[in-house]
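The values are calculated or read from the model by the stated rules, or taken from the named source; none is laboratory data. Note that the structure is a prediction, hence the values are computed from the model and not measured. With ideal geometry, Cβ positions are generated from the backbone for all residues, glycine too; neighbour counts draw on all protein chains shown. Ligands, DNA and RNA are excluded from the accessible area calculation, which covers all protein heavy atoms including side chains. Shrake-Rupley method; radii C 1.70, N 1.55, O 1.52, S 1.80 Å.
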Amino acid sequence: MAKPVLLTVDDDREVLRAVERDLRRKYAGNYRVLRAGSGQEALEIVRELKIRNNSIALFLIDQRMPGMSGVEFLAQAITLFPDAKRVLLTAYADTDAAIAAINDAGINHYLLKPWDPPEENLYPALDELLEDWEAAFPPVFEGIRVLGNRWSPASHNIKDFLARNHVPYQWLDIETAASDSDVAALVHLLDEEETRSLPMVILPNGTRLRQPALADLVEHIGLKTRATEAFYDLAIVGGGPAGLAAAVYGASEGLRTVMIEREAPGGQAGMSSRIENYLGFPSGLTGADLARRAVVQARRFGVEIISAEATAVRVDGPYRLLQLANGAEVSCHALLVATGVQWRKLDAPGVERLAGAGIYYGAAMTEAMSTRGEDVYVVGGANSAGQAAMHFSRYARRVVMLVRGSSLAASMSQYLINQLKATPNIQIEFNTSVVEAHGDDHLEEISIHCTVTDETNRVPANSLFIMIGAAPNTDWLANIVERDELGFIYSGPQLTRDGKRPSGWKLDREPGLLETNVPGIFVVGDVRHGSVKRVASGVGEGSVAISFVHQYLSKVV
Ligand SMILES: Cc1cc2nc3c(=O)[nH]c(=O)nc-3n(C[C@H](O)[C@H](O)[C@H](O)COP(=O)(O)OP(=O)(O)OC[C@H]3O[C@@H](n4cnc5c(N)ncnc54)[C@H](O)[C@@H]3O)c2cc1C
């Protein structure tokens with residue numbers, strides 16, 4: 001944590017140096033001592049510290065300065081740091097002015113120059129003030145801050161991206177400036193252009209990124225975007241449970257392993273508010289926890305994790321070459337596709353336009369806090385929708401699940417159905433679907449159609465979470481691997497039809513169990529045709545695939 005600041009201001013250079021020296025001598029262990037030669041210069045420092053979210057414990061200010069007096073400076077500085085203690089340095093002749101300032105500018109103390117010896121005339125007074133300050137001062141958040149508008153899709157994307165990559169951040173909603181003095185103070189420091197170009201990400205060193213693209217943010221939060229090695233034994237595309245398991249097993253068994261993930265490790269599982277059926281966690285665990293643990297484990301075995309999207313693959317003899325969206329290429333012997341599935345879009349007027357502005361795909365856990373006291377609508381009847389409803393029920397006034405079918409039995413685990421029934425603020429509406437979303441810059445109402453009554457009702461709604469199934473996104477592999485009509489990738493015995501091996505297959509063996517029609521390209525998890533769509537099965541396939549990778553490598557290397 002950055003040390004709180006003691007800021008001293010005096011236009012007399014010698015006095016300034018002497019105060020600074022005395023402050024450092026006694027307080028440098030716990031505080032950062034900064035100095036300024038004028039009120040104007042000091043205000044610049046104060047503003048910068050506010051933007052960095054640093055704290056100021058004490059101002060030690062000369063009263064008589066040209067341009068701006070000590071009291072005038074303090075009147076401005078304390079609007080940004082109202083809790084800082086204020087000490088005025090005065091000459092003997094100014095005592096009356098100083099006493100008046102105690103009332104006008106809330107000065108805590110005034111000291112007469114010269115203060116020698118400081119042990120008697122300076123430190124006792126400051127010690128007392130600093131003790132009071134420390135006792136009352138709440139610790140300041142010093143990580144990344146995101147300033148934006150709740151209804152802005154770009155703000156949502158940034159928050160979601162940071163949260164899923166386990167980067168702690170503080171969210172500052174510009175709409176709350178009237179009631180939150182911290183937000184108000186920050187907004188006050190931005191120029192007009194900056195307040196028009198939200199969201200803004202403020203890094204701990206004070207750097208302000210206006211409307212950053214996620215690709216730009218990646219660099220600033222310490223994620224790697226390019227491979228460090230020229231060549232890998234194994235490259236994994238997708239960092240969900242299947243890809244992470246393969247990474248852990250691959251690297252732990254000595255393979256030089258790289259994992260490429262375009263959003264955040266954890267995949268769909270990372271979005272789950274509570275996974276209750278994963279072996280070994282009797283009271284469940286959040287998807288974020290599972291992902292975080294797996295990433296630590298993978299890194300411990302030396303897996304390199306790259307934040308990038310794979311956009312194409314090329315086969316060149318024994319080499320598999322992956323093209324990334326950022327222009328880089330990754331070269332390997334064995335390639336494992338673990339790209340899972342993505343949410344299917346809801347096709348209704350208004351939905352696409354308001355996506356990110358009250359309408360979200362998936363559970364969007366970063367938005368849960370904002371739904372406090374509101375009504376939340378969840379579309380879908382599978383486990384993911386059930387988990388999301390349970391999660392939001394802790395914040396929202398009421399959660400309404402809109403289910404197309406007439407029961408949950410076929411699509412949801414019984415333990416979740418029981419939980420939903422036992423939660424008083426969850427309401428399930430069967431035979432319903434959202435047919436239109438309304439609102440100008442954010443969701444305000446939805447139209448719900450009931451197939452039993454054939455009626456459509458328009459109801460107020462600020463938050464709609466859509467979880468209506470998912471589809472693989474494998475077009476980038478279209479000309480390389482064989483896929484079914486929905487895009488799921490065939491593997492192993494699925495490729496041998498009427499006793500015939502896949503076309504182009506030249507080896508004198510059948511494709512291995514999790515191998516595609518291209519030798520050395522494997523597929524695991526939800527993206528695989530015929531897979532069981534569960535965390536445990538993805539983890540199982542990812543782990544098992546490594547033994548097939550070994551078998552393959554033993555023949556090519
Ligand atoms: C909200 C929710 C709750 C769930 N709850 C449970 C539960 O309680 N129990 C259970 O067993 N299962 C649950 N599931 C299902 C489970 O999460 C999935 O079956 C599992 O995550 C599939 O793992 P995967 O690794 O195959 O794919 P995914 O988890 O889908 O991961 C694929 C990853 O690949 C990345 N990717 C895709 N394309 C590219 C590309 N071109 N380049 C780079 N990266 C790419 C994606 O960003 C993603 O991170 C839940 C799913 C959801 C959505």
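A compact table of results
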quantity	calculated
Filtered residues of region 365-377 (kept if at pLDDT below 90, open to solvent by 10 Å² or more (accessible area, probe 1.4 Å) and either within 10 Å of the ligand (Cβ to nearest atom) or of a type in the set (D, E, K, R) (or both))	365, 372
The lone exception for residue 342 - which of (1) within 15 Å of residue 446 (Cβ to Cβ); (2) within 12 Å of the ligand (Cβ to nearest atom) it fails	(1)
Residue selected from region 449-493 under the condition farther than 28 Å from residue 151 by Cβ and among the polar types (S, T, N, Q), by the criterion surrounded by the most Cβ atoms within 10 Å (Cβ to Cβ)	491
Lone qualifier among 362, 380 - being open to solvent by less than 40 Å² (accessible area, probe 1.4 Å), more than 19 Å from the chain's Cα centre (by Cα), within 14 Å of the ligand (Cβ to nearest atom) and within 21 Å of residue 532 (Cα to Cα)	380
Restricting region 291-307 to residues that are aliphatic (A, V, I, L, M) and within 16 Å of the chain's Cα centre (by Cα), the residue that is nearest to the ligand (Cβ to nearest atom)	291
Filter result (outside any loop (DSSP other than H, G, I, E, B), near the ligand (Cβ under 7 Å from one of its atoms) and open to solvent by 30 Å² or more (accessible area, probe 1.4 Å)) within region 524-536	536
Set 254, 280, 250: member being more than 7 Å from the ligand (Cβ to nearest atom), free of Cβ contacts under 8 Å to residues at least 40 places away in the same chain, within 16 Å of residue 543 (Cα to Cα) and not polar (S, T, N, Q)	254
For residue 291: the one exception among (1) open to solvent by less than 10 Å² (accessible area, probe 1.4 Å); (2) touching a Ser or Thr at 6+ places or on another chain (Cβ under 6 Å); (3) part of a helix (DSSP H, G or I); (4) not polar (S, T, N, Q)	(2)
Count - residues of region 365-395 that are within 18 Å of residue 437 (Cα to Cα) and in a loop (DSSP other than H, G, I, E, B)	2
Any hit, region 396-404, residues being in a loop (DSSP other than H, G, I, E, B) and open to solvent by less than 20 Å² (accessible area, probe 1.4 Å)	yes
Some residue of region 460-468 being out of contact with any strand residue (DSSP E or B) (no Cβ under 7 Å at 6 or more places or on another chain), within 16 Å of the ligand (Cβ to nearest atom), among the aliphatic types (A, V, I, L, M) and in a loop (DSSP other than H, G, I, E, B)	no
Strands (runs of 3 or more DSSP E) lying entirely in region 196-276 (those with 1 or more residues that are closer than 26 Å to residue 172 by Cα and open to solvent by less than 30 Å² (accessible area, probe 1.4 Å))	200-202, 208-210
Residue in region 493-502 that is among the small types (Gly, Ala, Ser), without any contact (Cβ under 8 Å) to a residue 24 or more places away in the chain and within 16 Å of the ligand (Cβ to nearest atom) present	no
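Residue by residue, here is whether (1) surrounded by fewer than 14 Cβ atoms within 10 Å (Cβ to Cβ); (2) in a helix (DSSP H, G or I); (3) of a type in the set (A, V, I, L, M, F, W, C) holds:
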| site | (1), (2), (3) |
| --- | --- |
| 115 | no, no, yes |
| 125 | no, yes, yes |
| 138 | yes, no, no |
| 160 | no, yes, no |
| 166 | no, no, no |
| 171 | no, no, yes |
| 178 | yes, no, yes |
